[in-house]
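Data first, discussion second: the structure below is written as structure tokens.
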Amino acid sequence: MDDFEVLIYPYNAQDMPPTARGPAVRSATVRPTGEEGATGHPRYAGDGVQVDIDPVTGTIEAITVDEAELPDGWSARIADA
């Protein structure tokens, strides 16, 4: 399993093009923990972020930042995914 860079973005309208969304407000390098998350996917952690990542699609299935869920409308993506 590889390390990933997770990018966290503030609220943006769903139909807003990615180029208009602006920069991420936070990033974190996460590493495999060897555990399975609540979603059944591998758990990664680092820099105050815990994520469950689907290894087939590279999609973030669950995330907490500093032990809290993201605010409604915020999103997280894997860099270069």
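The values are calculated or read from the model by the stated rules, or taken from the named source; none is laboratory data. As the structure is a computational prediction, the values presented were derived from the model and not from experiment. Quick reminder, even Gly has a Cβ in these numbers, built from the backbone with ideal geometry, and neighbours come from all protein chains shown.
Identify, please: which residue in the stretch 54-79 is β-branched (Val, Ile, Thr) and more than 17 Å from Arg26 (Cβ to Cβ) and is, among those, surrounded by the most Cβ atoms within 10 Å (Cβ to Cβ)? Before you say what the answer is, go through the steps one by one.
If we filter the stretch 54-79 for residues that are β-branched (Val, Ile, Thr), which is where we start, we get 56-57, 59-60, 63-65, 78.
Checking which are more than 17 Å from Arg26 (Cβ to Cβ) leaves us with 56-57, 59.
Numbers: Val56: 7, Thr57: 11, Thr59: 13.
In this case the residue turns out to be Thr59.
Just one of Pro23, Pro32 is modelled with pLDDT under 95 and closer than 17 Å to Ile78 by Cβ; which is it?
Details: Pro32 fails: modelled with pLDDT under 95.
So the residue among Pro23, Pro32 that is modelled with pLDDT under 95 and closer than 17 Å to Ile78 by Cβ is Pro23.
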